[in-house]
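Coordinate-derived values only; no laboratory data. Only a predicted model underlies this, so the values are computations on that prediction, with no experimental measurement involved. When we count neighbours, we look across all protein chains shown, and the Cβ atoms used for this are built from the backbone with ideal geometry, even at glycine.
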């Protein structure tokens, strides 16, 4: 009985909070990435010049191994010896950001920031996290493969890629009839954590310290170019009434 009451109270709380959360909110997507990496983002203004942003995305990417751990490389299919191998990783991405508008354009028939889809020139800082993985992946020893002239299996491992990053962006958001938005930004992305983790599943004993259950890790912080193009729809609850 207590659990039923708690569930009913939770449902009522969510139902009451829903209009306040979704009202005066931009729902966006990056159309050029949506087909292969579905994504959904939100922008919630809380001041005339400030808004909070969030995004969640599914990550499906083909990555090339660079042999960064002990000269090894991974591959799921036949690869010409000596060339980088490519592996499909699946995962998720989460972003949380704070946006400050430097120049805003007020619509002539509305005042303040409420009921106005945010638009104008802005600076934005984002904290992003990416997790992707592939399981039971064959790892090859590059040096032995080159020496022997054939691909030489080394061990099998569960591979995880975890990245924590900071974005620094300058952009402009266009407001179309206070209903749709077009958002374009450019900037830099710093991966403060770029972790390659491999948990060995099986290995042939060779005396080199690779054994089942061993965890191999390497972190490579780096800077990257960043840029996004998103389209959005501005939600006002009074339009739905």
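Brief remarks on what is shown
- Stretch gain in nm, segment residue 22-residue 37, where the contour uses 0.36 nm per residue and the Cα spacing is subtracted: 3.0 nm
- Here the spin labels are modelled as points 7 Å beyond Cα on the Cα-Cβ line, and at residue 190 and residue 60 they lie 3.4 nm apart.
- Computed FRET value (nearest 0.05) for residue 44 with residue 229, which takes r as the C-beta separation and R₀ as 22 Å: 0.60
- Residues in the range 188-225 reached by a label modelled at residue 170 [backbone nitrogen below 19 Å; 7 Å Cα→Cβ]: 188-190, 224-225
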